[in-house]
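The values are calculated or read from the model by the stated rules, or taken from the named source; none is laboratory data. Quick caveat, the model's predicted, so the values are computed rather than measured. Ideal geometry is used to build each Cβ from the backbone, glycine not excepted, and the neighbour counts take in all protein chains shown.
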Amino acid sequence: MMEYDLIIRDVTMLDKGYEIQEHVDIAVSGSTITEVGKDIQGTAKEEIKGKGLLAMPGLVDAHHHNAQQLLRAKPIDEYPMIWTRFLVPFESSLTEEDMYISSQLSMLEMIKSGTTAFADAGGPHMGMTAKAAAECGMRGVIARSTMDMGGNIPDSMKCSAEENIRLTCELFDEWNGAGNDRVRIWFGIRQVMTCSWELLEMTSAKAKELGTGMHAHLCEHKDEVSFCLTNYRLRPAELLEATGCLGPNLLTAHNVVLSESDIALLAERHVGTVHCPRSNLTNHGFPKTPRMLQQGLSIGLGSDGAATSSLSLWDEVKVLRNGLIGYWGLPIFDPVVIPYRALLRMMSQGGADAIMQGDSLGSIETGKKADIILLDIDQPHLTPTHNLGATLVEAACAGDVRHSIIDGKVVMKDRKVLTMDEEKIMFEASKAMKQISRRAGI
Ligand SMILES: [Zn+2]
């Protein structure tokens, strides 16, 4: 008789084709899904009754800033420049302790929203983010904020290209592979306006040497394109190509102001692309998502941190669907410009692809890592429905996630996060928020 570590019995499941399967058992051994099927024979150390629940792959927040959690709601209804008036003084005032509590609060919110893995584009003291992820059981792909130029960046936030590479290598040596390989360290390219040609070249070469990834903000707004054309006579994607950065180990966040040739270039180089719908649609415009999908790009979703919104990808996906239908669909009378299956893919497999873990994450399949969330579907906004997959995109929310399993371990049961002290974290975070604001003068 087979003995598993965990079995989820008789559950409704979203399969890899984004179809709903009923009465499924899912068996887990160690950190891996070892069997998916009907009436699995065998026992388990832990059993979850799946009746009334939907099992789906854990969500991947593929562009996030753990450092901005304590900036929540500060930039709302403010005029530009948000970056110079709020972000720069805030981020440059963070201590190691602030980063630790900020990361803990952010991970608590992510777990409670069904997110099981995140990619952090970088802030200060990223070792604290790595420590928090290793401790709480989350999967994190973590970069250090990397900048060596830019007029409105204080000296404390930038350093020479060599120093930037050295500091990321230090972080890599200390944390890459921590927490049973849940923590991975990547290189950061904050954005092309704050990274020199030399830094871009050195970053791509070092990432290749270490076999790791790079996380960049790309084509977020028109200023960035204008900067690149003025200084290099190249568009941002072409600059990354010229400096050796474009490839499958590059994750680009935002991708709003892409030209047709940019899209073709990113697709040809198999770059992992990510949208941050609430951040993009309120500040920068509507990405050409339907065209990007048509060209074969894999797309993930990101929250871009909590400064202006929440970390719920359920909220992101609704905004993206409605925004894209309104902007691209309505003018040409095409209501299916972005099908719900494509959106479900962006929340899971698309994000997993972007963090270079598409083979082991992103769907519930034998052999993949057991990153599984269970939603309470016995609720009036979800049941009954003619199409549960579509209803997930349209109506499900963070509070519907009942249990969360990451790397085979139950990290949230009945909405209680087992790996963190929720009350203590919120208390300490409130204290830290006031202190940082005073220090930063914001
Ligand atoms: Zn960002």
Against the conditions (1) touching a strand residue (DSSP E or B) at 6+ places or on another chain (Cβ under 9 Å); (2) without any contact (Cβ under 8 Å) to a residue 60 or more places away in the chain; (3) away from the ligand (no atom under 16 Å from the Cβ), where does Thr146 fall short? Just the number, please.
(3)
Pairs where the first residue, in region 200-220, is in the same structural domain as Asp173 (by TED's automatic domain parsing) and the second is among the polar types (S, T, N, Q) and assigned to a strand (DSSP E or B), C-beta under 7 Å, 6+ apart
Ala216/Thr252; Leu218/Thr252
So which of Glu198, Glu174, Glu224, Glu209 ends up being over 18 Å from the mean Cα position of the chain (by Cα), within 14 Å of the ligand (Cβ to nearest atom) and in a helix (DSSP H, G or I)?
Glu224
Filtering region 124-139 down to residues that are within 16 Å of the ligand (Cβ to nearest atom) and either under 15 Å from the mean Cα position of the chain (by Cα) or part of a helix (DSSP H, G or I) (or both), which residue is surrounded by the most Cβ atoms within 10 Å (Cβ to Cβ)?
Thr129
Matching option when the condition is farther than 18 Å from Gly247 by Cβ and of a type outside the set (Lys, Arg), among Ala143, Ala207, Ala178
Ala178
Pull up region 27-50, narrow it to residues that are surrounded by fewer than 16 Cβ atoms within 10 Å (Cβ to Cβ) and within 16 Å of Ile372 (Cβ to Cβ), then point me to the one that is nearest to the ligand (Cβ to nearest atom).
Gly30
Checklist (1) touching a residue at least 24 places away in the same chain (Cβ under 8 Å); (2) farther than 24 Å from Gly389 by Cα; (3) aromatic (Phe, Trp, Tyr) applied to Tyr79, failing item
(1)
Picking from Ile40, Ile82, Ile76, the residue that is at pLDDT 95 or above and either hydrophobic (A, V, I, L, M, F, W, C) or outside the structural domain of Gly127 (by TED's automatic domain parsing) (or both) would be Ile40
Is it the case, given these coordinates, that Ser113 is of a type in the set (Ser, Thr, Tyr) and at pLDDT 95 or above?
yes
Show me the helices (runs of 4 or more DSSP H) found entirely inside region 260-377 where at least 2 residues are surrounded by fewer than 22 Cβ atoms within 10 Å (Cβ to Cβ) and more than 16 Å from the ligand (Cβ to nearest atom).
260-268, 289-294, 313-324, 340-345
Looking at this structure, is Thr203 within 16 Å of the ligand (Cβ to nearest atom), of a type in the set (Ser, Thr, Tyr) and surrounded by 21 or more Cβ atoms within 10 Å (Cβ to Cβ)?
no
